[in-house]
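Please treat every number below as a calculation from the coordinates, not as lab data. Everything numeric here is computed off the predicted structure, so don't read it as measured data. Note: ideal-geometry Cβ built from the backbone for every residue, glycine included; neighbour counts use all protein chains shown.
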Amino acid sequence: MRMGFVVPIVGILLLAGCSVSPFDVLNDDQRVELRDSSSEYQQKVLADLYVDETEYRQSVDDWRQCVVEAGAGPTEVVARGNSLGFDYSIERETETQVATISGQADSCLIEYHEAIGRVWVSQGTELN
């Protein structure tokens, strides 16, 4: 019998934008710094230093799709408060395969959502 490795990744919702408390409003200088240090994808969204709900939801969808393409199995997107997020798991034959996919999936957050999520949460905008 062949044994595989299953690594559930939990707490993704916390990474989705809760690193800034809703009471910790980012000023324009902080938003500029976040924008300028983020991926090209996020820089386009943050060009006006504001994230509307459509942009936020698209960012989460693109992040999730990247996780799928990396080879992980994400759950459906869920809302908690004014944040969206998901969990994912990785099932592969070896620890090395799991580590490779985990690294790729982790980079999806940085590419598609990290700065956008922080700005969204700091705005305190409610999801509709």
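What ³J(HN,Hα) values, in whole Hz, does the Karplus curve 6.51 cos²θ - 1.76 cosθ + 1.60 give for segment 98-108 when θ = phi - 60°, with x put for Gly and Pro?
Once rounded to whole Hz, the list reads 4, 5, 5, 5, 4, x, 5, 5, 4, 5, 4.
Return the long-range amide H neighbours of D52 (sequence gap of 5 or more, or a different chain), with a cut-off of under 5 Å between placed amide H atoms.
The list, which skips near neighbours in sequence, is empty: none.
Go ahead and run the numbers for FRET between E33 and E76, Cβ-Cβ distance against an R0 of 41 Å, rounding to 0.05. Don't jump to the answer; show the numbers that get you there.
Working: r = 33 Å, r/R0 = 0.80.
It comes to 0.80.
Per residue of segment 24-32, in order, report the coupling 6.51 cos²θ - 1.76 cosθ + 1.60 (Karplus, θ = phi - 60°) as ³J(HN,Hα) in whole Hz, putting x for Gly and Pro.
Result, rounded to whole Hz: 9, 5, 7, 7, 4, 4, 5, 5, 4.
So for the pair N128, Q65, with labels modelled 7 Å out along Cα→Cβ, what separation do we get in nm?
In this crude spin-label approximation the distance works out to 2.2 nm.
Taking θ as phi - 60°, what are the ³J(HN,Hα) couplings along segment 115-128 by the Karplus curve (6.51, -1.76, 1.60), each to the nearest whole Hz, with x for Gly and Pro?
Residue by residue, segment 115-128 yields 5, 4, x, 5, 5, 4, 5, 5, 5, x, 6, 7, 6, 9 Hz.
Applying 1/(1 + (r/R0)^6) with R0 = 22 Å to the Cβ-Cβ distance of V25 and Q58, what FRET efficiency is obtained, to the nearest 0.05?
In this case the efficiency is close to 0.45.
At a threshold of 8 angstrom on Cα-Cα distance, excluding pairs fewer than six apart, so keeping six or more, what relative contact order does segment 66-128 reach in percent?
36 percent
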